[in-house]
Amino acid sequence: MESDAVSAREALDAVSAARELNAERLRRPKRYWIMLGLMLAVFALLPYTADWPPLLRYSAAPALMILVAVVAAWRQPTAVRKIRLSGRMGLQLVGFALLGGVVIAVSRGVHLEQGWWWAPLVAAVLLFAFVAGVGPRMDRSWARRASHGEE
């Protein structure tokens, strides 16, 4: 009787270890969140380009985005981790994007209307810090959900 309890406990421990390993494998490296934070920071800094010639102004952001993506993807494995977004995960991602949009819009508006030159810079730093800090936590939560088979 005791051997059944011991073997059941070992089986449960093995399942738990497999779930943790799966959750760890589903997580993206932190550099992805740093890349996303830098890309949002580029958008937050766009008001500083208002006095630039139009061609330079419209090509600077995509060029910086490509540079950030190339640097972040340098020597990166090609494996893609697939996590299907459930309703709750999608809402988290939409909230994440809306927060970024609101912060960028407010900083741009304050910069243009009040002349606060530092507002886009502060917004860029805040967005980067938020994305680099909260993104990995959100990703761990998603990986745990996917590993446990929760919807």
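The values are calculated or read from the model by the stated rules, or taken from the named source; none is laboratory data. All values reported here derive from a predicted model rather than from experimental measurement. Heads up, the Cβs are rebuilt from the backbone with ideal geometry, glycines too, and the neighbour counts pull from every protein chain shown. Side chains included, ligands, DNA and RNA excluded: accessible areas come from the protein's heavy atoms. Shrake-Rupley method; radii C 1.70, N 1.55, O 1.52, S 1.80 Å.
For the subset of the range 112-122 comprising residues that are within 26 Å of the chain's Cα centre (by Cα) and assigned to a helix (DSSP H, G or I), which member is farthest from residue 51 (Cα to Cα)?
Of all residues in the range 112-122, those within 26 Å of the chain's Cα centre (by Cα) come to 118-122.
So of that shortlist, the ones also assigned to a helix (DSSP H, G or I) come out as 119-122.
Values: 119: 17, 120: 15, 121: 17, 122: 20 Å.
Applying the filter and picking the extreme gives 122.
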Scanning the range 97-118 residue by residue, those buried (at least 17 other Cβ atoms within 10 Å of the Cβ) and either among the basic types (Lys, Arg) or in contact (Cβ under 8 Å) with a residue 24 or more places away in the chain (or both) turn out to be 100, 103, 104, 107, 108, 111
Scanning the range 30-64 for residues that are without any contact (Cβ under 8 Å) to a residue 12 or more places away in the chain and of a type in the set (D, E, K, R), the one least open to solvent (accessible area, probe 1.4 Å) turns out to be 57
